[in-house]
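Step one of this worksheet: look at the structure below.
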Amino acid sequence: MAANERVAVGGSDRARVDATRLGPADPDAATTVTVYLRGDDPPEGTRMTREEWAAGHGARSEDVAALERFASGHTLRVDAVDLARRAVVVSGRVGDLSEAFGVALGAYRDAEGREFRGREGALTVPAELGPVVQAVVGLDERPQARAQSRPASVPTAGYSPVDVAGAYRFPPGTDGTGQTVGIVELGGGYRPADLAAYFAGLGIPEPAVAAVAVDGGSNAPGAPNGPDGEVMLDIEVIGAVAPGARVVVYFAPNTDQGFIDAVSTAVHDTTNKPSAVSISWGGPESTWTAQAAQQMEAVFAQAATLGVTVTCASGDNGSTDGVADGAQHADFPASAPHALACGGTRLTITAGAAASEVVWDELPAGGGGTGGGISDLFPLPSYQASAGVPPSANPGGRVGRGVPDVAGDADPQTGYRVRVDGQDAVIGGTSAVAPLWAGLVARLNQALGRDVGDLHDAIYRAPGAFNDITSGNNGAYRAGPGWDPCTGLGSPDGTELLAALRAAP
């Protein structure tokens, strides 16, 4: 092997940038990238503490040393090393980073007027680093995800999250005490005064809420129609259904680097130690590089080992996920095998109970609808082997990871009453279902006296713990008895789910 031979970083190829190229990126601009390194993964199903993970399954010191030599040779700096996360932060001039990773970086402007640094093609590293480097994120700064929330389009009373938890029979005598729930946010912020007013209006204690900054992100509330609605929806749903739980919000920039770094920071947080992490941001699988998607899934697998449940919104644009190419697309990161993918329903509550429930589908009227379908990135996982996952509606009929796993109320017209930037509003979307399930997980953990972690094996063996949704569609897929690519196993019966988990071996 030649001393100067270089190899491509697996899965790093970036598709054409769907934006106007303004010219080359400023070579003198300073920036950072996060390099994720290999590590020794324990067998599937292993459980351990964060401290045990850090001691035996983090990045190897010799790999970090090799990356440090590479960085130094290109006039770059290693600013931070997190062995547990297997993450190394490298900084320097854009021009030096471009040369180091063998890629031309450009300046772009998208249709919404946002300017960002982008790239096309694959990244390369010296051959000796080929097996070591799993992903390099941050060179491309295009917006990676969108919030999966939707305000009600016409006036509606909506429901309080407490109403929805009651209709889904969340376990009585539980409130999430002793648990911490993490939330990943890629923009926006919250105002303490709004939280105080909201929970006072519900007549329940205000939860403890803290913010963690990742990659320069921050709690930065802005306009009511911006991402603040997502942030407040997430906090208020979790706080209302699990008021005894502590809430920690991880704020990061909306890039692949920010997104992955925020999730890995939450999963490996030895200070706050969340037992559930709620993610209401995502985008079509086709907009992700394979390296970024695989790295996110690797972090979710680490979460499972650490007993952390990761809940992800399945998308609000039906089976196409909003892509106008004539094909069907699953939303990522909900399609990751270790994510608990959360789809959406339209729930009618009468006298405190669920009176009827169908697939959320306003697509024919120009509105939204629950995401769901068959992954193009991930194969059929073992826990879905007997679930009856159908072939993809796309040519070739691939049978891959089916999305979603579970569901909950998401139709904005039967959405959640929240308070955002001093205004009362009703918001829905599968964005509401991820925090709803995260709050349920906090209550299950409290009742069981242990962290349930990855729920997949347990829930696919317990169909009686769900309200099966059999009416409606999300475009290419229809609901039916049992699992389906609209609402998964269905919405929860929290009391039955707790009983099933207690009886599980």
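Only one of A330, A341 is within 24 Å of R169 (Cβ to Cβ) and touching a Lys or Arg at 6+ places or on another chain (Cβ under 9 Å); which? Please lay out each step first, then the result.
Details: A330 fails: within 24 Å of R169 (Cβ to Cβ).
The conditions single out A341.
What are the pairs with Cβ atoms under 7 angstrom where one residue, in the range 364-376, is under 14 Å from Q413 (Cβ atoms) and the other, located anywhere, is modelled with pLDDT under 95 and surrounded by 24 or more Cβ atoms within 10 Å (Cβ to Cβ)? Sequence gap at least six, or different chains.
G368/R150
Quick grid of which residues meet (1) within 29 Å of D79 (Cβ to Cβ); (2) out of contact with any Gly (no Cβ under 8 Å at 6 or more places or on another chain); (3) surrounded by 23 or more Cβ atoms within 10 Å (Cβ to Cβ):
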| residue | (1), (2), (3) |
| --- | --- |
| A196 | no, yes, no |
| A210 | yes, yes, no |
| I235 | no, yes, yes |
| A245 | no, no, yes |
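Residues in the range 283-305: is at least one under 26 Å from T180 (Cβ atoms) and not in a helix (DSSP H, G or I)?
So the first thing to find is which residues in the range 283-305 are under 26 Å from T180 (Cβ atoms), and the list is 295-305.
Right, trim to not in a helix (DSSP H, G or I) and you get none.
No: zero hits.
So if I check each of G318, G307, G344, which one is in contact (Cβ under 8 Å) with a residue 40 or more places away in the chain, buried (at least 24 other Cβ atoms within 10 Å of the Cβ) and at positive phi?
Only one candidate passes the filter, namely G318.
So how many residues does the range 75-101 have that are assigned to a strand (DSSP E or B) and not acidic (D, E)? Spell out how you get there, then give the answer.
First, pick out the residues of the range 75-101 that are assigned to a strand (DSSP E or B): 77-82, 87-93.
Next, only the ones that are not acidic (D, E) stay: 77-78, 80-81, 87-93.
The number of residues fulfilling the criteria is 11.
Could you check Q257 against (1) in contact with an Asp or Glu (Cβ under 9 Å, 6 or more places away or on another chain); (2) assigned to a loop (DSSP other than H, G, I, E, B) and say which number it fails?
Every condition holds for Q257 apart from (2).
If the requirement is being farther than 24 Å from G258 by Cα and surrounded by 13 or more Cβ atoms within 10 Å (Cβ to Cβ), which of these qualifies: R6, R93?
Working: R93 fails: farther than 24 Å from G258 by Cα.
Matching residue, one of R6, R93: R6.
I'd like the full set of residues that are of a type outside the set (S, T, N, Q), in contact (Cβ under 8 Å) with a residue 24 or more places away in the chain and closer than 20 Å to G480 by Cα, limited to the range 379-397.
Y383, A387, G388, V389, P390, A393
Being hydroxyl-bearing (S, T, Y) and under 15 Å from V136 (Cβ atoms) is the filter here, so list the residues in the range 91-109 that pass it. Reasoning before the result, please.
We begin by selecting, within the range 91-109, every residue hydroxyl-bearing (S, T, Y); these are 91, 98, 108.
Answer for the range 91-109, where residues must be hydroxyl-bearing (S, T, Y) and under 15 Å from V136 (Cβ atoms): S91, S98.
Pick out the one residue from V406, V420 that is buried (at least 20 other Cβ atoms within 10 Å of the Cβ), in contact (Cβ under 8 Å) with a residue 12 or more places away in the chain and more than 20 Å from D331 (Cβ to Cβ).
Values: V406 fails: more than 20 Å from D331 (Cβ to Cβ).
Of the residues listed, the single one that is buried (at least 20 other Cβ atoms within 10 Å of the Cβ), in contact (Cβ under 8 Å) with a residue 12 or more places away in the chain and more than 20 Å from D331 (Cβ to Cβ) is V420.
Quick check, is D63 assigned by TED's automatic domain parsing to the domain that holds P27 and under 28 Å from the mean Cα position of the chain (by Cα)? Full working, then the answer.
Values: assigned by TED's automatic domain parsing to the domain that holds P27: yes; under 28 Å from the mean Cα position of the chain (by Cα): no.
For D63, the condition - assigned by TED's automatic domain parsing to the domain that holds P27 and under 28 Å from the mean Cα position of the chain (by Cα) - is not met.
Working carefully through the options A292, A298, find the one that is surrounded by fewer than 24 Cβ atoms within 10 Å (Cβ to Cβ) and modelled with pLDDT of 95 or more.
Details: A292 fails: surrounded by fewer than 24 Cβ atoms within 10 Å (Cβ to Cβ).
On inspection, the qualifying residue turns out to be A298.
Would you say V184 is out of contact with any helix residue (DSSP H, G or I) (no Cβ under 7 Å at 6 or more places or on another chain), at pLDDT 95 or above and in a strand (DSSP E or B)? Write out each step before concluding.
On the way: out of contact with any helix residue (DSSP H, G or I) (no Cβ under 7 Å at 6 or more places or on another chain): no; at pLDDT 95 or above: yes; in a strand (DSSP E or B): yes.
When the stated conditions are applied, V184 does not pass them.
Among the residues of the range 193-214, write down those that are of a type in the set (D, E), touching a helix residue (DSSP H, G or I) at 6+ places or on another chain (Cβ under 6 Å) and in a helix (DSSP H, G or I).
Let us first name the residues in the range 193-214 that are of a type in the set (D, E), namely 194, 206.
If we keep only those that are touching a helix residue (DSSP H, G or I) at 6+ places or on another chain (Cβ under 6 Å) as well, we get 206.
Passing the criteria: none in range.
Results for (1) closer than 30 Å to H57 by Cβ; (2) within 26 Å of the chain's Cα centre (by Cα); (3) β-branched (V, I, T); (4) assigned by TED's automatic domain parsing to the domain that holds A298, shown as yes or no for each residue.
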site: L76; (1), (2), (3), (4): yes, no, no, no
site: V81; (1), (2), (3), (4): yes, yes, yes, no
site: R85; (1), (2), (3), (4): yes, yes, no, no
site: L97; (1), (2), (3), (4): yes, no, no, no
site: G106; (1), (2), (3), (4): no, no, no, no
site: R117; (1), (2), (3), (4): no, yes, no, no
site: P126; (1), (2), (3), (4): yes, no, no, no
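How many residues does the range 172-192 hold that are surrounded by fewer than 20 Cβ atoms within 10 Å (Cβ to Cβ), in contact (Cβ under 8 Å) with a residue 60 or more places away in the chain and either within 14 Å of V237 (Cα to Cα) or not charged (D, E, K, R) (or both)?
Here is the first cut: in the range 172-192, the residues surrounded by fewer than 20 Cβ atoms within 10 Å (Cβ to Cβ) are 172-173, 177-178, 191-192.
Filter again for in contact (Cβ under 8 Å) with a residue 60 or more places away in the chain, leaving 172-173, 177-178, 191.
After this cut, where a residue has to be either within 14 Å of V237 (Cα to Cα) or not charged (D, E, K, R) (or both) as well, the list is 172-173, 177-178.
Number satisfying all stated conditions: 4.
Scan the range 444-492 residue by residue and report those that are farther than 14 Å from R502 by Cα and among the hydrophobic types (A, V, I, L, M, F, W, C).
The answer is F466, I469, A476, A479, W483, C486, L489.
In this structure, is G166 closer than 18 Å to A438 by Cβ and surrounded by 17 or more Cβ atoms within 10 Å (Cβ to Cβ)? Reasoning before the result, please.
Numbers: closer than 18 Å to A438 by Cβ: yes; surrounded by 17 or more Cβ atoms within 10 Å (Cβ to Cβ): yes.
So G166 passes the test.
Only residues that are outside any helix (DSSP H, G or I) and in contact with a helix residue (DSSP H, G or I) (Cβ under 6 Å, 6 or more places away or on another chain): list them for the range 354-369, please.
Step one: of the range 354-369, the residues outside any helix (DSSP H, G or I) are 354-362, 366-369.
Those that are outside any helix (DSSP H, G or I) and in contact with a helix residue (DSSP H, G or I) (Cβ under 6 Å, 6 or more places away or on another chain): A354, G369.
The values are calculated or read from the model by the stated rules, or taken from the named source; none is laboratory data. Keep in mind that this is a model prediction, so the values were computed, not measured. Glycine also receives a Cβ, built like all others from the backbone with ideal geometry; neighbour counts cover every protein chain displayed.
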